[in-house]
Amino acid sequence: MSAYGTPNPAQPAYLPPPPPPTDYVYGHRYAGLFPRFAAAIIDLILLLLVTAVITIPFGLFAAASILVPGAFAWVSAWLFGPLTLVLFGLWILYFTYFEGTSGQTLGKRALGLRVVVLSTGRPPDLTKALVRTLLRIIDWLPALYLLGFVVAALTQHKQRLGDLVADTVVVVG
């Protein structure tokens, strides 16, 4: 409008809406690194508790084999290898099931975070969740998600390696 109340031809009558903020996807803000780390710690504590419940009986057998030489030596030799595979499978199953069905592990749920597919805004399917979970092994290097958090800090959508490959992001809400 000009100073006299008449439309100014150099100024359009309709202004398009501003572009959406770059730190949002489908109405949800990308989760920061600290809440993601806190959710990972909650998940880790839960998994360690389950691991302890499963492994304590085997540890008692191993302790008995030290006290009574040869009595339970077969437990260490025959059960700790398969037990390790079972615990690894439990870890894979935990993250894949929870993220592939609801987009939230128990740790993420406690902190109000969820995993969504970047292109759709919906929770990932089991295949994408499995890809994220398997790549956690690399994200954990050298320890405690260090590589994963460095990658997430450097990417536009705060994605760790598993998120980049599976086309997912972690959001608040």
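Find out how many positive minus negative residues lie around Pro124, taking Lys and Arg as positive, Asp and Glu as negative, among other residues whose Cβ is under 13 Å from that of Pro124. In short, +1. Under 14 Å from a label point set 7 Å out along the Cα-to-Cβ vector of Ala38, the amide N atoms of segment 151-172 belong to 172.
Based on the mean of other Cβ atoms within 10 Å per residue, sort peptides 50-59, 99-108, 161-170 so the most packed one is first. Let's see the in-between values first.
Values: 50-59: 12.4, 99-108: 19.8, 161-170: 22.1.
With the highest mean Cβ count within 10 Å placed first, the list reads 161-170, 99-108, 50-59.
Computing FRET efficiency as 1/(1 + (r/R0)^6) for Leu126 and Leu154, where r is the C-beta to C-beta distance and R0 is 35 Å, gives about 0.80.
For Val172 and Val50, FRET efficiency with R0 = 30 Å and r from the beta-carbon atoms, rounded to 0.05?
Numbers: r = 27 Å, r/R0 = 0.90.
For R0 = 30 Å, the calculated efficiency reads 0.65.
Put in order of Cβ neighbour count within 10 Å, fewest first, the listed residues Tyr145, Tyr24, Tyr97 become Tyr24, Tyr97, Tyr145.
The packing ranking, built from the mean of other Cβ atoms within 10 Å per residue, places the peptides 131-138, 87-94 in the order 131-138, 87-94, highest first.
Rule-based calculations on the coordinates, nothing more; no lab input. Keep in mind that what you see is a predicted model, and the values were worked out from it rather than measured. All Cβ positions, even for glycine, are placed from backbone atoms using ideal geometry, and neighbour counts span all protein chains on display.
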